[in-house]
Amino acid sequence: MGPPITLLTCSPGDRAPLIPSSQLHLKAASGISISGKAGAIMVPFLTPSLPPHPPLTRPSLGSEAGKDRRAGTKTKPTVNTQLNLQSLLRVRRGAAAIIVTLTIFTSLGLARSSHAVPILFTLTGVTFNDGATATGSFVFNPTTGNFGTFLITTTMSVSNTGSTYSSLAGTSTFYLASPDAFIFDNFSIDSHYLVFSFSGHITGPGVYALDIGVPTGPDSFLGSGEFVDMALDYRLVTGGSFTVTSLQGVPETGATLLSLMIGIAAVCGFQLFQRRRLTA
């Protein structure tokens, strides 16, 4: 079947219909005849085919579509920026929480390691070979080897004078570890020098027997004893012990409060730092 044909009737002398060539594209066809009668001419016309569809091309950057597309892409960074800011805020909150947690745990650890270690030594039944006695107590930290407050008194005997050893009276202290020796020096004050010796190492609560004093010469001894004058005369400990108790329960409250204060200060400092960064 051939292409459809449209018949147009024209009278003699009529002008042929004008159809712009840009709108019609005639195709050649075979087997077409022209017929008519007097006074009229039948002219066959081929039905025009549709013009070819223009090729699809990507709009250039200068076209309206390109402008719309660029406008759409410009709004995306705004959304991403808001998401990034929200993520940054969450990260900062998390960092602040981590800083506070680490600060509190570190402070508690330091409090337990430094404040809870000192222990109290109390003299119990300490006697000398001249009939004198020694009483009192002292605070000592076995980890650092440092003395705290102390007050020890040795009494006078028939042949020797006594002395008072105090952390408030200028007494010097020394410590030797394993075996332990606790030394209180009043030699520059009244020529007295007190030594308590233990054969092991004391690190916690308990009762520890003092080493008995043993003479090694006219001006020296081993174990526990006291020099009593400038000539280095001495008297020896014949019995007694240390009763050691823990002091960790006393400073725990203060250490906990200190830890909380450090944590709060850390949070405030972190927030202030972040505000300055945002305003900078």
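Could you tell me whether any residue of the stretch 177-198 is within 51 Å of the chain's Cα centre (by Cα), of a type in the set (V, I, T) and closer than 17 Å to P118 by Cβ? There is no residue in the stretch 177-198 that is within 51 Å of the chain's Cα centre (by Cα), of a type in the set (V, I, T) and closer than 17 Å to P118 by Cβ. Scanning the stretch 147-164 for residues that are in contact (Cβ under 8 Å) with a residue 24 or more places away in the chain and either touching a Phe, Trp or Tyr at 6+ places or on another chain (Cβ under 8 Å) or under 16 Å from S224 (Cβ atoms) (or both) returns F147, G148, F150, I152, T154, S157, N160, G162, S163. Screening the stretch 130-246 for strands (runs of 3 or more DSSP E) wholly inside it with 1 or more residues that are at pLDDT 95 or above and among the hydrophobic types (A, V, I, L, M, F, W, C) returns the ranges 133-141, 146-154, 172-176, 180-186, 192-198, 206-209, 214-217, 220-222, 225-227, 234-246. For the stretch 142-165, the set of residues classified as among the polar types (S, T, N, Q) and buried (at least 17 other Cβ atoms within 10 Å of the Cβ) consists of T154, N160, S163, listed by residue number.
The residues of the stretch 161-192 that are of a type in the set (S, T, Y) and within 18 Å of N141 (Cα to Cα), listed by number, are S166, S167, T171, S172, T173, Y175, S178.
Within the stretch 131-144, residues that are of a type in the set (S, T, N, Q) sit with their Cβ atoms under 7 Å from residues that are outside any strand (DSSP E or B), at 6+ positions apart or across chains, in these pairs: T133/T155; N141/V117; N141/P118; T143/V117.
The values are calculated or read from the model by the stated rules, or taken from the named source; none is laboratory data. What you are looking at is a predicted structure, and each value in this text was computed from that prediction instead of being measured. No Cβ is skipped: glycine too gets one built from the backbone with ideal geometry, and neighbour counts run over all protein chains shown.
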